[in-house]
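Take a look at the following structure, please.
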Amino acid sequence: MSVGLEHFLILSAVLFAIGLYGVLAKRNAVVILMSIEIMLTAVNIAMVAFSRYSHIISGQVFVIFIMVVAAAEAAVGLALIIAIYRSRKTVDAEKFDLMKW
Amino acid sequence: MPSGVIFAIILLPLFSFLIISFIFRPFFNHRPQLSWYTTIGAIGTSLALSIWTFIEVSAQEGHVLAMPDYEWLAIGDTVINIGVTVDALAAVMLIVVTVVSLMVQFYSRGYMHGDGGYIRYFAFMSLFTASMLGLVLADNLIFLFLFWEGVGLCSYLLIGFWFHKPEAARAAMKAFVVTRLGDFGFLVAILLLYAKTGTFDIGELQHLALAGTLGGAVLTWAAIGVFSGAMGKSAQFPLHTWLPDAMEGPTPVSALIHAATMVAAGVYLVARMFPVFASDATAITTVAVIGGFTAIFAATMGLVMNDIKRVLAYSTISQLGYMMLGLGVVGMAVASGTISTEHGLTLGVAVGIFHLFTHAFFKALLFLGAGSVSHATGTFDMRMMGGLRKAMPWTYLMFLIASLSLAGIWPLAGFWSKEGILAQAQDTAPILFYLAIITVFMTAFYMFRVIFLTFCGEYRGKAHLHESPLVMLLPMGILTILAVIAGLIGVNEFLGEHSYGFFEALTHPLAWASLCLAGAGIFLAYAIYGAKWLSAASLRQRFAPIYTLLSRKYWLDELYENLFLMRLMINGIFGLFHWVDGHIVDGAVNGIATVTVMGGSLIRRLETGQLQAYGLAIFIGIIAIVAFLLIFS
């Protein structure tokens, strides 16, 4: 069995689904942040795979950019979570409901 | 003669109004006499020009002067002209209006002396005279309606001249609203006639009506609409209630507007449109019946009033009814074919307008006499008068002559014009004739009741009595001369009625019948109020129900104000409007607001503040969009 584009895309889709599940279902804000990273990784895999199979190198360059932005995003996200933890003594996402009616 | 002269007759008093209002009132307020001089000058010149016009018209074959029309408005294909009709009818009306107006202005100098609104008074009087002269000259309905409303406005302003008195302000409002009811019908009729014929020109409408092009139900309704305007202005039943209340205005105003000229405008209108009315039997019968009924109906109320001006007001309504009756019965004869159309048309106008002509002079004189009396006694209540003959001999003499003239005593002016109407009524409409001849008796009775209560017996008031100044007596004197001779100077022949010789009139049985009835009326008044053979108080008790009915004016004021105005209009229709406004209009506005607030409070429950709920919603949304694109693209 040779490995083709489909396999990369299936892997990407599975990873994306796991990430999405984590974002929507987990309570811990740190876990949600981690799940977002998984979703980004899934997109990166799909992008690299398309880039490889279509011989357009700019896809791979984009992935590098995405990883840089994701690192910055993770730093800002973790900082926000720490700030919330300091004021509310919790990182449970269901407790962050100040912005309701 | 140049057409400019005719327009000058209207424009001179109008300029007088403008100069007084915009120059004298702001800049020469400390010299009120200037406004009087201006008014007298303008109306005096109008009188001179009117006499010139009259002479020119009488010299013409057929008594008509042709005058050019000027274009005023062009709206699409509709052209409205400014034009004048100068015929015998207009010429006679010009003389009546300018003569009475000039006499009243002279009199007003004495009567209004020292009044705070002196300048305003003469400004309104000038405007009124201009409007009235325009009304009698206008040759198309739009132009006529403009002046028609103009005299109505001046009437309102002058009835409410002492607007700080609540009764005066109320009376002015009442006059305006009641006449407006009639004017509505008039306006509808003008539009109806225009819709059917495409013209506003009175001459053309007359031709169309006579030729039969304009006829049927349209003509009937249009004529009745025009007549409803005339009923409002001329205070004919059932729109008569405003005129007695209009006596709240200054007395010279009552003499000019509410006795001699404006209230006669309705009669003039019917006379001007006479061929239109006479072409339709229903319409002209309505005119005759309303006129005949009003004549006797108003006279009965005049029998019991204690206010001298109110007696005169009811008398005016009654006499206006006579004029309508005169026009109506001749028109009925024309409509039924008893007399030839050509003869009947001039005869009808002559019979009606001749009475208008004589009535203007003696009724204006009676009002000026009443003003002179109140100038001395400070009241209009006849119970506070009596015995004024000694203190005011001239006023008494002139009032007596005017009363005799009104009662129709030979050979004074009222006799000739009233005989004309009675003779025509006798030929055509017997029932109306009997009503009219009973009214002759009542007229003589109430006028001599006034004379005996006011001038005879002992003085019952407290004021210091004095004769009025010369500036008031002189115009009264001129009107007295006219009240004597107006029937003899041939105005009826000028208008086209056969006139009897000075003694020839006394050979007719009808003349004797009405003279005897008038004499009986005078004798009865003497028996009750002069010699006191019969006690007025015991008569009042014996006929208490009738007395109450008459003195409460048949409860018509109560009927109109309580039933129509309060119950029907205010509680009924206005109540309905109020309910609709409160419940449906406001309800819709409030309902929309309530639904929005309730909907908002429901929908905002969706905003949970839960980060993951929003995330799920975004995810579902994307899935939905993708599914949509996949299925439908």
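Since every read-out is calculated from the coordinates, none of them should be taken as a lab result. Here the structure is a predicted model, which is why all the values come from computation and not from measurement. We place every Cβ from the backbone using ideal geometry, glycine too, and count neighbours over all the protein chains shown.
Could you please rank A:His55, B:His583, placing first whichever residue has the fewest other Cβ atoms within 10 Å of its Cβ?
Fewest-to-most ranking of A:His55, B:His583: A:His55, B:His583.
If you consider only alpha-carbon coordinates, what radius of gyration and Dmax does the range B:402-450 have, in Å?
Answer for the range B:402-450, Rg first and Dmax second: 11.0, 34 Å.
With N set to the residue count of the range A:5-95, report its C-alpha Rg divided by 2.2 N^0.38 Å to two decimal places.
Against the compact-globule rule of thumb, the ratio is 1.28.
Shifting gears a bit: Stretched out fully, how many nm does the piece from B:Ala281 to B:Ala463 gain, at 0.36 nm a residue minus the Cα gap? Walk me through the numbers before you get to the answer.
Working: separation 182, 0.36 × 182 = 65.52 nm, distance 5.54 nm.
Full extension from B:Ala281 to B:Ala463 adds 60.0 nm.
Still on this structure, please answer the following. Report, in whole Å, the centroid distance computed from the Cα atoms of the range A:53-101 and the range A:3-45.
14 Å
What is the average number of partner chain Cβ atoms found within 10 Å of a Cβ in B:266-274?
Shielding by partners across B:266-274 averages 0.
Here's another thing I want to ask about it. Could you tell me the calculated FRET efficiency between B:Leu192 and A:Leu98, based on Cβ-Cβ distance and R0 = 56 angstrom, to the nearest 0.05? It would help to have the intermediate numbers written out before the result.
Details: r = 74 Å, r/R0 = 1.33.
Once rounded, the FRET efficiency stands at 0.15.
Same structure, new question: Residue by residue through A:17-25, how many Cβ atoms from other chains fall within 10 Å of the Cβ on average? Walk me through the numbers on the way to the answer.
Numbers: counts 0, 0, 0, 3, 0, 0, 5, 7, 2.
Taking all residues of A:17-25 together, the mean is 2.
Can you give the translational diffusion coefficient of the range B:119-253 in µm²/s, computed by Stokes-Einstein from the Kirkwood radius over Cα pairs at 20 °C and 1.002 mPa s?
It comes out at roughly 136 µm²/s.
Between B:Asp581 and B:Thr507, what is 0.36 nm times their sequence separation minus the Cα-Cα distance? Round to one decimal in nm.
Stretched out fully, the B:Asp581 to B:Thr507 stretch lengthens by 19.6 nm.
Follow-up question, since we're still on this one. Please list the non-local residues whose amide H lies under 5 Å from the amide H of B:Leu214, H modeled 1.01 Å from N, same-chain partners needing a gap of 5 or more.
B:Ala209
Further question on the same structure: When the helix-only estimate is applied to chain B (DSSP H runs of n ≥ 4, each -39,500 (n - 2.57), divided by the residue count), what is the mean residue ellipticity at 222 nm, nearest 500 deg cm²/dmol?
One gets -23000 deg cm²/dmol as the mean residue ellipticity at 222 nm.
Bin all alpha-carbon pair distances of the range B:515-569 at 5 Å intervals from 0 and give each bin's fraction as a whole percent.
Bin by bin from 0 Å, the calculated values are 5, 17, 13, 14, 16, 11, 8, 8, 6, 2.
At a 10 angstrom cut-off on C-beta neighbours, averaged per residue, how do the peptides B:303-315, B:244-256 rank from highest to lowest?
Most protected by this proxy first, the peptides run B:244-256, B:303-315.
Using a/c under 1.5 as the rounded threshold, could you call the range B:30-184 rounded, prolate or oblate? The axes a ≥ b ≥ c are square roots of the C-alpha gyration tensor eigenvalues, and prolate needs a/b larger than b/c, oblate otherwise. Before the final figure, lay out each step's value.
Values: a/c = 2.29, a/b = 1.35, b/c = 1.70.
Here the range B:30-184 falls in the oblate category.
Still on this structure: Once the convex hull of the C-alpha atoms of the protein assembly as shown is built, how many Å³ does it hold per residue, rounded to a whole number?
For the protein assembly as shown, the hull spanned by Cα atoms encloses 322 Å³ per residue.
Here is a further query. So what J values fall out for the range B:279-288 if you push phi through Karplus, 6.51 cos²θ - 1.76 cosθ + 1.60 with θ = phi - 60°, rounded to Hz, Gly and Pro as x?
7, 10, 4, 4, 5, 6, 5, 4, 4, 5
Compute the distance in nm between two label points, each set 7 Å from the Cα along the Cα-to-Cβ direction, one at B:Ile489 and one at B:Arg25.
Modelled inter-label distance: 3.4 nm.
What are the ³J(HN,Hα) values, in whole Hz, obtained from phi via the Karplus relation 6.51 cos²θ - 1.76 cosθ + 1.60 with θ = phi - 60°, for each residue of the range B:385-391 in sequence order, with x given for Gly and Pro?
Rounded to whole hertz, the list is 10, x, x, 6, 4, 6, 6.
Quick check: the angle from helix B:430-455's long axis to the longest principal axis of chain B, C-alpha only, nearest 10 degrees?
Here the helix axis deviates by roughly 70 degrees.
Additional query: Return the whole-Å distance between the Cα centroid of the range B:514-567 and the Cα centroid of the range B:579-633.
78 Å
Enter the Cα centre distance for the pair the range B:344-406 and the range B:60-83, rounded to the nearest angstrom.
39 Å
Oh, and also: Let me know the Rg and Dmax you get for chain B when you use only its Cα atoms, in Å.
Cα only, chain B: 30.4, 120 Å (Rg, Dmax).
Rounded, prolate or oblate, given the Cα gyration tensor of the range B:69-123, with a/c below 1.5 counting as rounded? Spell out each step's value before the answer.
Values: a/c = 7.10, a/b = 1.92, b/c = 3.70.
Oblate is the answer for the range B:69-123, as a/c is 1.5 or above yet b/c matches or exceeds a/b.
Under the definition of partner shielding as Cβ atoms of other protein chains within 10 Å of a residue Cβ, what is the mean value for peptide B:605-611? The partial results should precede the final answer.
Values: counts 2, 2, 4, 5, 7, 7, 9.
Per-residue shielding by partner chains comes out at 5.
Using each residue's phi in the range B:184-190, evaluate 6.51 cos²θ - 1.76 cosθ + 1.60 at θ = phi - 60° and report the 3J(HN,Hα) Karplus result to the nearest Hz, with x for Gly and Pro.
So the J values, rounded to whole Hz, are 4, x, 4, 5, 4, 5, 4.
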